[in-house]
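Here is the structure we will look at.
The values are calculated or read from the model by the stated rules, or taken from the named source; none is laboratory data. Note that the coordinates shown come from a computational prediction; the quantities given were computed from them, not determined experimentally. Virtual Cβ from ideal backbone geometry, glycine too; neighbours counted across all protein chains shown. Side chains included, ligands, DNA and RNA excluded: accessible areas come from the protein's heavy atoms. Shrake-Rupley method; radii C 1.70, N 1.55, O 1.52, S 1.80 Å.
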Amino acid sequence: MAFKFKKQIFGFMDLLRFKKLVPNRRAAFDAASSAPLPKTYKVNETAKILHPGNQKARLAEITLVTADTKTYTFELSKKMFFRAGQYVELTADVDGSTVNRPYAISSSPLTSLREGKLSVTVKKAGFFSNWLFDNAKVGDEMIIGDPSGFFHYEGIKDAEVVVGIAGGSGITPFYSMAQAIAEGSEDFRLILLYGAKTEKDIAFKKELDALVSDNFKVVYVLSDEKNKKYENGFITKELIAKYAPEDFTVMACGPQAMYAFLDKELAAMGIGGRRVKKEANCVGVRDVKKAVYDLTVHIRDDVYTVKADNRETVLVAMERAGLRVPSKCRAGGCGFCHSKLVSGKFSIAGADKRRLADLKFGYIHPCCSYPDSDMEIIVPAGLE
Amino acid sequence: MKKYDAVVIGAGNGGLVAAIRLLQGGAKTLLVEKHNIPGGFATSFRRGRFEFEASLHELNDFGTPDNAGDVRVLFDQLGVTDKIEWLQIPEAYRVISREEKIDATLPFGKQAFIDKMESYVPGSRKSMEKFFELAEEIRAAQAYSNSVNGQTDQKVMLSEYANFVRCGSYSVNEVLDALKMPKRAKDILNAYWCYLGAHCDDLSFLHYSSMVIRYITKGAAMPKSRSHEISLAMVERIRELGGDVWFNTEAVKIRTGADGGVEGVVLKNGDEIQTRHVIANCSPHIVYGRMMDKVDERIVKETNARKFAGRGFTMFLGLNKSADELGITNHNYFLYDTMDTVKQYDLMKTIESNSVQATVCLNRAYPECSPAGTSMMYFTTLYMSDDWANVKPEDYFKVKDYVANKMIERFEQDTGCKIRDSIEEISVATPMTYARYCGHPEGGIYGYESQYWDGLMPRLLMMAEDHKTRGLRFAGGFSMRLSGYSSAYFSGDITGRQTVGDIKREG
Ligand SMILES: Cc1cc2nc3c(=O)[nH]c(=O)nc-3n(C[C@H](O)[C@H](O)[C@H](O)COP(=O)(O)OP(=O)(O)OC[C@H]3O[C@@H](n4cnc5c(N)ncnc54)[C@H](O)[C@@H]3O)c2cc1C
Ligand code: FES
């Protein structure tokens, strides 16, 4: 060695100090408190309010909003705070099997935080939604998951004004936003263009009108009814231009057909990219000739073989067979259903939203994958 | 009841490596992870057209096939290196500090580093050469210690690695001062300190210098498909070796027997797994505080004695312009107020006063990591106190935006690059996010702080003494090797192999 490190004038002092490292650490241990270790921590407790996980909730109130839409208000067992626009997953026992679906929250963030209440507003359409409409009753116990999704205002990148475009039951996240703006838990200006078929189909009209302020404005647009009190037709670029300021962010929530129309209108206005946000819709059935395959599913050390209809997703096949498997967005984007493909062929509905390494190591999102052959997959455990 | 030779709790970096080591040692192994994917912090997530890396800035000590670092050697032994596509990080770092008006960009390679430093700080060469010589010897001493499994012979240490022992008890600053390193060179050299999360009066020189020399001589690496690729590769390997991996499976209790040793693990659904050996990839605070019924008073004291290291905050940006268009020239930026690390450490205690950031533009290492015409950045800071505990839930989203805004402003001011109007996607992780995601106390991402008394050296010297419960060992950021990817991997390697030995001895 070229040189000798010496800090003390007498090099042996350096050695002495080294020898003391262990006794020093022992002494620090000796001097420490023997008070019981904390069971939890403040930050972790706040985290639980932001992400409470699956919790039991009691259905406290059901109100009819329109002829085919009801609001279900739950009493939460844990406090919750979220961003207006987010959704929760609702789980219930339907004829002996566990079924769950994501629904946008229609109540305000502070109602959940301060009163422990949360509402979803559901239109009668689809398996679980129909079941809710016809069967759910006050006093029922269901399970509500974490507030999820990114369909909320993002102050750092969004314009000061949001033009909200709601189609049909796509009104729910905006109703939450309008209340949030009024109560101060969200801070932006919302101009809401709300498309409904007829006057009768407008949900929350009275409530929305009462929320109108400098920061919230609502314009109703009827597609199937001519009515002088409202705008008529579809939500076109002309209509957007009529109400929107110079710079704005578009947030849209509605059926696929509305998005297809809107995309063209926005493109013609030169608006896109970072200024447009659309809430995803759950993956539905595909239109192909029916075939039924065998699906082998590993959950921990259990193995099941179930039937899979190629017109429905792999997730639905597992749920139909009564398996408890994870899901959240049911649109391919959240990765919550992430499962390892052992063998078999499949097709993805819409864009592939998996991570790069998932493709490489053969992971799939069952919520947006249709079986094209017999398949074998390893799935994380679902709700328990 | 199901029975395993060993159960690993948590599939973070430490847990994944430990599981492979157990299987390689012939143990029937179950790895349980509370999330639906492996990796802990080592993961990625998608937003729009971007796939963000969740944590890894650069993997230290990996090197290339012909200049392999210790992590590569470990990965070779585990059988995972070739399952992953690797990239090399182009340069060491750019450090900007306001108080000293430093703006320096340092390259990898010892000679290049020393030369560049001399150009910034004329007259620094001699002290830098000495620094590297010392660091080299420290690394050699560590290799010797590893080769004898920590049972070092004092005579060998004193004759072969005397400098290691002589500087072994000193802090970074004490040694650099003894080497008569000019202040400005010290300031530039200390830029990596926030990666270890203790200031340079506390931080052990052995620890810091062995990290720096690994960076500078081996370069830094990155998996192409983000750290999710490493985590999935490890799971693949565990399954190849016949191990079981259960996701969405939280361990809630470690059951002990009459001898106080491990008898089983209870899962959240109430199922119990019978085992005499557990490797916990979570903190002793959680394990002893919540997961075990009877804990010896000495263990409680030892756990109470430790200090939590930094709580994390990260902002991820997907930008709709390329790095070139935005003028982002570097892969890795450290932005400080001051290079007085004690002062800086204090400023990092509150949300209000902390402006430090370690920022990465991944496109500078891997241009194709995002679509053409776009780029991706992530900005990380640490909080050196529990200030986020003061944030009320109703203020949470506002505070999050406040910090994110401050980070963007700081980056724009210090580098002159304008990024705000190009933000297409943004995601922010706070201590609350980390507290939820990995479950660590206070949202810490760095394990226990490497304070002077609890630095790397005394921890290694007391490894045997710290093991107090039969059948229970720790891996990951809260175990003996401190935090960071490489350290977490090494800790998994050591505890995995130690547990194989335990199983042979104790059954
Ligand atoms: C933003 C950020 C940037 C970073 N940058 C770098 C960098 O550039 N370079 C570097 O080297 N390091 C970096 N780090 C640090 C590095 O990520 C960590 O030190 C390392 O990943 C820790 O690994 P670990 O083994 O402790 O596992 P962790 O990541 O802490 O994972 C622990 C795992 O255990 C699981 N778990 C916990 N409790 C239970 C239970 N009871 N039952 C079942 N499962 C459980 C958790 O879900 C988690 O998956 C960074 C960290 C962050 C957050
Ligand atoms: S449930 Fe969200 S990706 Fe499948």
Starting from the exponent 0.38 and prefactor 2.2 Å, build the expected Rg for the range B:466-507 from its residue count and divide its actual Cα Rg by it. 1.17
Rg/Rh for the range A:243-308 to two decimals, with Rh computed the Kirkwood way over all alpha-carbon pairs. 1.28
What are the extents of the Cα atoms of the range B:244-368 along their three principal axes, in Å, largest first? 65, 38, 21
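Over every pair of different alpha-carbon atoms in the range B:415-477, take the mean of 1/r and invert it; report that Kirkwood radius in Å.
Working: mean 1/r = 0.0641 Å⁻¹.
About 15.6 Å for the range B:415-477.
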Taking the Cα atoms of the range A:292-378, what is the range of coordinates along each of the three principal axes, in descending order and whole Å? 29, 28, 23
Taking 0.36 nm per residue of sequence separation and subtracting the Cα-Cα distance, how much length would be gained by fully extending the chain between residue B:159 and residue B:111, in nm to one decimal? 14.5 nm
Can you pull the accessible area of residue B:417 for me, 1.4 Å probe, Å² to the nearest 10? 10 Å²
Can you work out ³J(HN,Hα) from phi for every residue in the range A:221-232, in order, using Karplus 6.51 cos²θ - 1.76 cosθ + 1.60 and θ = phi - 60°, giving whole Hz and x for Gly and Pro? 10, 9, 8, 10, 8, 8, 8, 5, 5, 10, 6, 10
Mind listing the long-range amide H neighbours of residue B:255? Cut-off is under 5 Å, sequence gap 5 or more, other chains count too, H placed in the peptide plane at 1.01 Å from N. B:263, B:264, B:265, B:266
Karplus ³J(HN,Hα) for the range B:401-409 (6.51 cos²θ - 1.76 cosθ + 1.60, θ = phi - 60°; Hz, whole; x = Gly/Pro) runs 5, 4, 5, 4, 4, 5, 5, 5, 4
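Can you work out D for the protein assembly as shown in µm² s⁻¹ from Stokes-Einstein, where Rh is the Kirkwood radius over C-alpha pairs, the temperature is 10 °C and the viscosity is 1.306 mPa s? Let's see the in-between values first.
Numbers: Rh = 29.1 Å.
My calculation gives 55 µm²/s for D.
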Considering all alpha-carbon pairs of chain A, what whole percent are spaced by more than 39 angstrom? 30 percent
Hey, can you grab everything whose amide H is under 5 Å from the amide H of residue B:472? Only 5+ residues off in sequence or another chain; H modelled, so Pro and N-termini drop out. B:262, B:278
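Give me the accessible area per residue for chain B, probe 1.4 Å, as a whole number in Å².
Values: 16390 Å² over 507 residues.
Averaged over the residues of chain B, the accessible area is 32 Å².
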Which is farthest toward the positive dipole end of the range A:58-106 among A:72, A:84, A:102, measuring Cα position about the Cα centre, with Cβ charges +1 (Lys, Arg) and -1 (Asp, Glu)? A:84
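Quick one: pull the percent of accessible area on the range B:235-286 belonging to carbon and sulfur, 1.4 Å probe, ligands and nucleic acids left out. If you can, show how the numbers build up before the last one.
Values: 760 of 1830 Å².
Summing carbon and sulfur atoms, their accessible area is 42 percent of the total for the range B:235-286.
Based only on Cα atoms, what Rg/Rh ratio does the range B:285-437 have, Rh being taken as Kirkwood's radius?
1.07
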So the angle from the long Cα axis of helix A:21-31 to the longest Cα principal axis of chain A, reported in degrees to the nearest 10, equals 60 degrees
For the range A:239-384, report the translational diffusion coefficient in µm²/s to the nearest whole number, using Stokes-Einstein at 25 °C, 0.890 mPa s, and a Kirkwood Rh over Cα pairs. 144 µm²/s
Residue A:228: which aspartates and glutamates have alpha carbons under 12 Å from its alpha carbon, excluding same-chain residues fewer than 8 sequence positions away? A:199
Suppose we keep just the DSSP beta bridges with both residues in the protein assembly as shown; what percent of those would be antiparallel, to 5? 65 percent
Heavy-atom accessible area ranking, 1.4 Å probe, most first, across B:120, A:230: B:120, A:230
The range A:263-384 - percent relative contact order, Cα under 8 Å, separation 6 or more: 30 percent
In whole µm²/s, the translational diffusion coefficient that Stokes-Einstein assigns to the range B:106-218, given a Kirkwood hydrodynamic radius over C-alpha pairs, 4 °C and 1.567 mPa s, equals 90 µm²/s
Give the ranking of A:115, A:183 by solvent-accessible surface, highest area first, calculated with a 1.4 Å probe. A:115, A:183
Heavy-atom accessible area of residue B:468 with all protein chains present, probe 1.4 Å, nearest 10 Å²? 90 Å²
Give the span of the range A:161-278's Cα atoms along each principal axis, as three whole-Å numbers ordered largest to smallest. 35, 33, 23
Cα-Cα P(r), the range B:150-297, percent of pairs per 10 Å interval: 8, 22, 21, 27, 18, 4, 0
Could you state how much accessible area residue A:150 has, in square angstrom rounded to the nearest 10, with a 1.4 Å probe and all protein chains kept in place? 110 Å²
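Provide the percentage of antiparallel DSSP beta bridges, counting only those with both residues in chain A; round to the nearest 5. Present the calculation step by step, with values, prior to reporting the outcome.
On the way: 48 of 76 bridges.
The answer is about 65 percent antiparallel.
Could you state how much accessible area is buried at the A-B interface, both sides summed, with a 1.4 Å probe, in Å² to the nearest 100? Numbers along the way, then the final one.
Values: alone 21200 and 20130 Å², together 33530 Å².
What A and B bury together is about 7800 Å².
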If I take R0 = 30 Å and measure r between the Cβ atoms of residue B:418 and residue A:24 in this structure, what FRET efficiency does the formula 1/(1 + (r/R0)^6) give, to the nearest 0.05? 0.05
Where Rh denotes the Kirkwood radius from the mean inverse Cα pair distance, what is Rg over Rh for the range A:47-144? 0.94
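With only alpha-carbon atoms in the gyration tensor, what are the semi-axes of the equivalent ellipsoid for the range B:351-416, in Å, largest first?
On the way: eigenvalues 153, 36, 25 Å².
Listed largest to smallest, the semi-axes of the range B:351-416 are 28, 13, 11 Å.
Å³ per residue of the Cα convex hull, for the range A:102-191?
On the way: hull volume 10.4 nm³, N = 90.
Dividing the Cα hull volume of the range A:102-191 by its residue count gives 116 Å³.
State the percentage of accessible surface on the range B:106-218 attributable to carbon and sulfur atoms; use a 1.4 Å probe and exclude ligands, DNA and RNA. Intermediate results must be reported in sequence, preceding the final value.
Working: 2010 of 4060 Å².
Whole-percent figure for carbon plus sulfur exposure: 50.
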1.4 Å probe accessible area per residue over the range A:47-144, in Å²: 39 Å²
In whole percent, what relative contact order does chain B give with Cα contacts below 8 Å and a gap of six or more residues? 24 percent
Residues whose built amide H sits under 5 Å from the amide H of residue A:159, excluding neighbours closer than 5 in sequence, are A:249
Whenever you get a sec, compute what percent of the accessible area on the range A:47-144 sits on carbon and sulfur atoms (1.4 Å probe). 47 percent
Ordered by residue, what ³J(HN,Hα) values in Hz, to whole numbers, does the range B:420-433 give under the Karplus form 6.51 cos²θ - 1.76 cosθ + 1.60, where θ = phi - 60° and Gly and Pro are x? 3, 6, 10, 6, 9, 10, 9, 9, 10, 10, 10, x, 5, 4
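How much net charge surrounds residue B:140 when only other residues with a Cβ under 14 Å from its Cβ are counted (Lys, Arg +1; Asp, Glu -1)? Intermediate results must be reported in sequence, preceding the final value.
On the way: positive: B:139, B:214; negative: B:70, B:133, B:136, B:137, B:160.
Local charge sum for residue B:140: -3.
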